[in-house]
Amino acid sequence: MTDDQLLGLDKAHIWHPYSAMTSDTPVYPVASADGVRLKLTDGRELIDGMSSWWCAIHGYNHPQMNSALEAQLQKMSHVMFGGLTHQPAVELAAQLVALTPEALQSVFFSDSGSVSIEVAMKMAIQYWHAKEQPNKQLFLSIRNGYHGDTFAAMSVSDPVTGMHSLFSDTLTKQYFVDAPGCRFGDLCTDEDIAEFEQTLRAEKDHIAAVIMEPIVQGAGGMRFYSAEYLRRVRELCEQHHVLLILDEIATGFGRTGKLFACEYADITPDIMCVGKALTGGYMSLAATLTSKDVSDTISQGDPGVFMHGPTFMANPLACTAALASLKLLLASPWQSEISRIEQQLKTGLEPCRTMPAVQDVRVLGAIGVVELKNPVDMAVIQPLFVDAGVWIRPFGKLVYLMPPFIIENKDLEKLTSAVVDIVSKLAS
Ligand SMILES: Cc1ncc(COP(=O)(O)O)c(C=O)c1O
């Protein structure tokens, strides 16, 4: 197929994320990817600044990942999980239990981050049902959050960016408070947590769980908030008998500088969701982990089972990819790699701070954010990045980098220079 044929068929028949079928915004055909480079079909190579949306932490076409998957392929690519089990799932569950906070002991595998959120929310509702408190069916979340695109996940994501008005007759109306005003590294004052505390206190009889992203609010604004805020949320949930669900789908597996972002606050959620980098970006897989209290209460209460079971639950190939990715991550000096990337992002993006179009520059771990005063015009900015030989995909007012952990300094320098150069040309 020529590029023209490929692009013609793509345009005629395929939706892309958050796109219109009638849009003229270009998509770029990728022929292959290797290390930190995406190779386009026209021969151009782009340095990847996105890790394919937080996933590809070891880069692409990694020999150890490939050989682990090839070996598993010879055994079985998939088998149903109802009534059957297998080594990749068991080994992976054991590893996740060992790596996450100690109280998290039970693992439910699913196919994507959004589904793991649905699972977490259903678990919270079933938990209170089993405790004969069926009125606790709703959720408290913070604005600027993002938890996925399925209905329950959407209902707890930011009401404005999640376009709740569009789905108002279908979406459950949950409780929201403002996103934390205290930034990462700051203390959290009584005033910072006051709205959260008041809402929780007033509505606790209807709230099954608080759900939030720990430390980094990703797709809802790339905001980094105080660990002290999260610590106080944990205490308040305890005090008011509300479960805490932490969505570590974007933050998990080292991205923020800790293996899991909740470690910054030294807290344990009752339920935790992981996905994205879980498989090193090779396959779609997510997991919802819970404490024994949650899993035992659900299992011993009415109706005696947890009501969820996806067809591709614990897919053996995906579990194998996750095991291979964890092996690579844990054998690597990932903490020092992340702090090297963090330092270079800080230095490299610093010139943006004084540019007229820029509102804020912030860096945490391997996440570098340049927040603009106005939303970017994707049709203009995307080709500029591609012409500069980098793959950077801004959204709204955010131009950000989250490169694979294996990126070398000279390639990272190309990414930050491209941001500096292109942002400097934007009007305020
Ligand atoms: C924090 C967070 N939660 C949930 C999701 C949804 O995951 P998925 O796209 O795999 O359904 C995302 C995806 O960006 C995310 O960043």
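Being among the hydrophobic types (A, V, I, L, M, F, W, C) and closer than 18 Å to Ser155 by Cα is the filter; apply it to segment 172-195 and report the residue that is most open to solvent (accessible area, probe 1.4 Å).
Ranking the qualifying residues of segment 172-195, first place goes to Phe176.
Which condition number in (1) under 30 Å from Tyr264 (Cβ atoms); (2) of a type in the set (Asp, Glu); (3) in contact with a Gly (Cβ under 9 Å, 6 or more places away or on another chain) is the one that Asp34 fails?
(1)
List the residue pairs whose Cβ atoms are under 8 Å apart, where the first residue sits in segment 247-268 and is among the basic types (Lys, Arg), the second is more than 13 Å from the ligand (Cβ to nearest atom), and the two are 6 or more positions apart or on different chains.
Filtered contacts from segment 247-268: Arg255/Ile57; Arg255/Ile338; Arg255/Gly365; Arg255/Ala366; Lys258/Tyr264; Lys258/Gly365.
Hey, which of the strands (runs of 3 or more DSSP E) in segment 357-428, taking only ones fully inside, have at least 3 residues that are open to solvent by 10 Å² or more (accessible area, probe 1.4 Å)?
Hits in segment 357-428: 358-364.
Looking at Asp158, is it within 16 Å of the ligand (Cβ to nearest atom), in contact (Cβ under 8 Å) with a residue 60 or more places away in the chain, open to solvent by 40 Å² or more (accessible area, probe 1.4 Å) and among the acidic types (Asp, Glu)?
no
So is Leu166 out of contact with any Cys (no Cβ under 9 Å at 6 or more places or on another chain) and of a type outside the set (Val, Ile, Thr) or not?
Yes, satisfied.
Just to be sure before I move on: is Gly309 more than 17 Å from the chain's Cα centre (by Cα), without any contact (Cβ under 8 Å) to a residue 40 or more places away in the chain and in a loop (DSSP other than H, G, I, E, B) in the structure I sent?
For Gly309, the condition - more than 17 Å from the chain's Cα centre (by Cα), without any contact (Cβ under 8 Å) to a residue 40 or more places away in the chain and in a loop (DSSP other than H, G, I, E, B) - is not met.
How many of the residues in segment 138-155 are open to solvent by 30 Å² or more (accessible area, probe 1.4 Å) and either part of a helix (DSSP H, G or I) or more than 16 Å from the ligand (Cβ to nearest atom) (or both)?
Total meeting the criteria: 2.
Might you check whether a residue that is in contact with a Phe, Trp or Tyr (Cβ under 6 Å, 6 or more places away or on another chain) and within 25 Å of His240 (Cβ to Cβ) occurs anywhere in segment 167-174?
Among the residues of segment 167-174, at least one is in contact with a Phe, Trp or Tyr (Cβ under 6 Å, 6 or more places away or on another chain) and within 25 Å of His240 (Cβ to Cβ), which makes the answer yes.
Going by the structure shown, is Asn135 in contact with a Lys or Arg (Cβ under 9 Å, 6 or more places away or on another chain), open to solvent by 40 Å² or more (accessible area, probe 1.4 Å) and not in a strand (DSSP E or B)?
No; evaluated as a whole, the condition is false for this residue.
Would it be correct to say that Ala20 is exposed (fewer than 14 other Cβ atoms within 10 Å of the Cβ), without any contact (Cβ under 8 Å) to a residue 12 or more places away in the chain and not in a loop (DSSP other than H, G, I, E, B)?
no
If I filter segment 259-317 down to residues being among the aromatic types (Phe, Trp, Tyr) and over 16 Å from Leu92 (Cα atoms), which single residue comes out as least open to solvent (accessible area, probe 1.4 Å)?
The selected residue is Phe260.
Quick one: would you say Ile117 is within 16 Å of the ligand (Cβ to nearest atom), touching a residue at least 40 places away in the same chain (Cβ under 8 Å), among the β-branched types (Val, Ile, Thr) and in a loop (DSSP other than H, G, I, E, B)?
So Ile117 does not fit the description; no.
Collect the residues in segment 210-246 that are basic (Lys, Arg) and touching a residue at least 60 places away in the same chain (Cβ under 8 Å), keeping them in residue-number order.
Selection gives Arg223 alone.
Determine if segment 286-294 includes at least one residue that is away from the ligand (no atom under 16 Å from the Cβ), more than 21 Å from Asp192 (Cα to Cα) and polar (S, T, N, Q).
yes
The values are calculated or read from the model by the stated rules, or taken from the named source; none is laboratory data. Keep in mind that this is a model prediction, so the values were computed, not measured. FYI the Cβ positions are ideal-geometry reconstructions off the backbone, even for glycines, and counts take in every protein chain you see. Ligands, DNA and RNA are stripped out before the accessible areas are found, and what is left, the full protein with its side chains, is counted by its heavy atoms. Shrake-Rupley method; radii C 1.70, N 1.55, O 1.52, S 1.80 Å.
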